[in-house]
2 protein chains.
Amino acid sequence: MAAGQHHFQRVSIATVERETGLSKDTLRMWERRYGFPRPARDDNGERAYPPEQLEKLRLIRRFMDLGHRPGKIVAAPMHELSARMRLLDAASRGELAAAGGLHEVLRLLKAHRINEMRDHLAHLMMRQGLQRFLLDTVTPANEEVGRAWMRGEIAVYEEHLYSEQIQHLLRQAIGSSNNDGGAPRVLLTTLPGEEHQLGLLMAHAFLSIEGAHCISLGVQTPIFDIARASREQRADIIGLSFSQAMQARMACEGLGELRRLLDARIELWAGGLLWQRVRRRMPGVRTLGSLADIMPALTEWRGRRSGQAA
Amino acid sequence: MAAGQHHFQRVSIATVERETGLSKDTLRMWERRYGFPRPARDDNGERAYPPEQLEKLRLIRRFMDLGHRPGKIVAAPMHELSARMRLLDAASRGELAAAGGLHEVLRLLKAHRINEMRDHLAHLMMRQGLQRFLLDTVTPANEEVGRAWMRGEIAVYEEHLYSEQIQHLLRQAIGSSNNDGGAPRVLLTTLPGEEHQLGLLMAHAFLSIEGAHCISLGVQTPIFDIARASREQRADIIGLSFSQAMQARMACEGLGELRRLLDARIELWAGGLLWQRVRRRMPGVRTLGSLADIMPALTEWRGRRSGQAA
DNA sequence: GCCGCCATTTTGTCCAAGACAAATTTGTTT
DNA sequence: AAACAAATTTGTCTTGGACAAAATGGCGGC
């Protein structure tokens, strides 16, 4: 019977791509260069990744999202990576400390008491008002949930659950604040390849409070259609959201292409956590690394506008 | 000067993949087999697709979503494809006729009077009740918007706008109907690769009305996490939504893998428009081609459950 | 005429190994 | 310390071959 042939859930390269977000080309290239992953082969000679390697790839992905480079981590042994990640976790654990109702949110999430979590969040929103809620509760809570996920304290699906509840709250809030005829007119969406909605929704809520007229297209609008929509909806500003996970290259390429398609008088604001790790500035594009950056940008715009009008 | 070198916005293969949803491998294979697309090459010898070819590829994608096979259409000249698409459009145009407030919805959408459209939809929902609203208004309206898009009467971004407004309404409706402790417990999500939310949201709303306890994870949950969530949330049923655009192969592969990971007593329901064109049935998976199919499935489940209990 | 079964064609994905440009790091000079 | 140049790292693109899964078409039996 020996070690046995319990080939236990080996998966194809397409599955690994789907689950890790690493392209097939990249996976093959790492195998060539760093000797990892080194999948088995099925009867057909095709790569068949065992679950341990998939798990290590997921861990590597976390490091990469934190800005690490593959050369330094892909070949490293699993136990070393785990140890390093634990170290990072310990460091980030210190930061939490303050921040009001967050512990409670995390506690309820981990306990699977989702409805109570939602009620708790709703209560906070009522008490703080939408703006403070976004800046002081949702933003740090997102970070904390991300960290908890990195620490392995919560599962991916729990992060999804959390995200759904927040979206729920924000959509309800947005629904009730409706500023027709407000200025500026902001067209909100994400580029193809960026499927994360939460950042977009938070920006939408924030801008709505500030009296901007928001037109949201949801996620993943093709570039040509963004340009078309901006003309037909007479947008002053196009707001695009980019999550940490988005590939910087795709983002910059897409932004450049969009900028070329647009009239110069339309502003292009690129927001989201991506810009906290990607320094690169692009001509004709304003990058906003956090929600709080929206406020001064908006003030500036209004200053320019009233200056021109005068 | 000749034909000139106005290389006018030629795009990379990655961009074409992003915009059409056709994989790089497929694009290269079509080029080899059918002689189309035949992109120019940039200074670096890499494919550079002119906008006409991108446009034709988009049209081909529409045909494929309707069930046509590439061999028959990829090599066909553009004018023939356009003509055939116009014919199909004319045919579907007849079907509309009936259906109450739909014309109004489409009219407002095309006129960019989005807020009025939302108010109109909200009014219909109030008058009809959520269930009839979903079956008699939203479902046909989705189809009509899809057709209008195929006819070129509305832009992609207008479809996005429509979709956003519907989502808004449904989320508000779901928020107010909250059945803790209901049965069955249904875990709702989509597989990685399926980013369309609307179908999921409609299923969520429908199941909520019927008294099921819904737990939504949003879109694109990795398969292992779906399995984990179903255990930890003690789900009776996992409901997955698949849009027309989803690749059948990926869907079936993912479903098979998930089914293997699950306890046999957990049911797997696969819903969405995909199953109207994909016949293939899979063991241990119940396919639901439309919202209306949910009702009998639910009745059956409750019958089985009460039968076992007795 | 309709259904099930088998052979054939169609089609998408996978593979290998090479190439190169963009991004990042490192080293040097002002 | 900052700016510039050289070296390294890294992801994506290339070709052409191969093959399995899915769809189609033909055939025989009910």
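A quick yes/no check of all residues on (1) within 13 Å of DNA strand D (Cβ to nearest atom); (2) of a type in the set (D, E, K, R); (3) in contact with a strand residue (DSSP E or B) (Cβ under 9 Å, 6 or more places away or on another chain):
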site	(1), (2), (3)
B:GLU46	yes, yes, no
B:PRO51	no, no, yes
B:LEU54	no, no, yes
B:ARG62	no, yes, no
B:GLY71	yes, no, no
B:ALA75	no, no, no
B:HIS79	no, no, no
B:LEU87	no, no, no
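Here are some residues: A:GLY35, A:GLY21. Which one is touching a residue at least 40 places away in the same chain (Cβ under 8 Å) and either buried (at least 17 other Cβ atoms within 10 Å of the Cβ) or closer than 19 Å to A:ALA245 by Cα (or both)?
When all the criteria are applied, what remains is A:GLY21.
Answer yes or no as to whether B:GLU153 is among the acidic types (Asp, Glu), closer than 26 Å to A:THR189 by Cβ and at pLDDT below 85.
yes
Just one of the numbered conditions (1) more than 25 Å from A:THR287 (Cβ to Cβ); (2) facing chain B (nearest Cβ under 10 Å) is not true of A:ALA148; which one?
Evaluating A:ALA148 over (1) more than 25 Å from A:THR287 (Cβ to Cβ); (2) facing chain B (nearest Cβ under 10 Å) leaves (2) as the failure.
Return only the number of the condition from (1) surrounded by fewer than 24 Cβ atoms within 10 Å (Cβ to Cβ); (2) closer than 22 Å to A:TRP275 by Cα that A:SER241 does not satisfy.
Evaluating A:SER241 over (1) surrounded by fewer than 24 Cβ atoms within 10 Å (Cβ to Cβ); (2) closer than 22 Å to A:TRP275 by Cα leaves (1) as the failure.
Please verify whether the range A:170-183 includes one or more residues that are within 18 Å of the chain's Cα centre (by Cα), of a type in the set (Gly, Ala, Ser) and facing chain B (nearest Cβ under 10 Å).
no
Considering the range A:98-142 alone, what residues qualify as being in contact with a Lys or Arg (Cβ under 9 Å, 6 or more places away or on another chain), more than 14 Å from chain B (Cβ to nearest Cβ) and open to solvent by 70 Å² or more (accessible area, probe 1.4 Å)?
If the condition is that a residue be in contact with a Lys or Arg (Cβ under 9 Å, 6 or more places away or on another chain), more than 14 Å from chain B (Cβ to nearest Cβ) and open to solvent by 70 Å² or more (accessible area, probe 1.4 Å), then A:ARG107 is the only one that fits.
Is it the case that some residue within the range B:61-68 is modelled with pLDDT under 90, out of contact with any helix residue (DSSP H, G or I) (no Cβ under 9 Å at 6 or more places or on another chain) and among the aliphatic types (A, V, I, L, M)?
No; the residues of the range B:61-68 include none that is modelled with pLDDT under 90, out of contact with any helix residue (DSSP H, G or I) (no Cβ under 9 Å at 6 or more places or on another chain) and among the aliphatic types (A, V, I, L, M).
Pairs please, first residue from the range A:56-76 and in the same structural domain as A:GLU19 (by TED's automatic domain parsing) and assigned to a loop (DSSP other than H, G, I, E, B), second anywhere and more than 9 Å from DNA strand D (Cβ to nearest atom) and open to solvent by 60 Å² or more (accessible area, probe 1.4 Å), Cβ atoms under 6 Å, 6+ apart in sequence or on different chains.
Filtered contacts from the range A:56-76: A:GLY67/A:ARG277.
Determine whether A:GLY199 is over 20 Å from A:VAL138 (Cα atoms), modelled with pLDDT under 95, surrounded by fewer than 24 Cβ atoms within 10 Å (Cβ to Cβ) and more than 10 Å from every other protein chain (Cβ to nearest Cβ).
no
Quick one: would you say B:ARG280 is modelled with pLDDT under 85 and not in a loop (DSSP other than H, G, I, E, B)?
So B:ARG280 fails the test.
Please go through the range B:42-64 and pick out each residue that is open to solvent by 30 Å² or more (accessible area, probe 1.4 Å) and within 12 Å of DNA strand C (Cβ to nearest atom).
B:ASP42, B:ASP43, B:ASN44, B:GLY45, B:GLU46, B:ARG61, B:MET64
Determine, yes or no, whether A:GLY193 is free of Cβ contacts under 8 Å to residues at least 40 places away in the same chain and either surrounded by fewer than 22 Cβ atoms within 10 Å (Cβ to Cβ) or on the phi > 0 side of the Ramachandran plot (or both).
no
Could you please find all residues in the range A:202-233 being out of contact with any strand residue (DSSP E or B) (no Cβ under 6 Å at 6 or more places or on another chain), open to solvent by 10 Å² or more (accessible area, probe 1.4 Å) and modelled with pLDDT under 95?
Listed by number, the residues that qualify are A:ILE209, A:GLU210, A:GLY211, A:VAL219, A:GLN220, A:PRO222, A:PHE224, A:ASP225, A:ARG228, A:ARG231, A:GLU232.
The values are calculated or read from the model by the stated rules, or taken from the named source; none is laboratory data. Just so you know, these numbers come straight off a predicted model, no measurement behind them. Here the Cβ is made from the backbone with ideal geometry for all residues, glycine too, and neighbour counts use every protein chain on show. These accessible areas exclude ligands, DNA and RNA; they are computed on the full protein's heavy atoms, side chains included. Shrake-Rupley method; radii C 1.70, N 1.55, O 1.52, S 1.80 Å.
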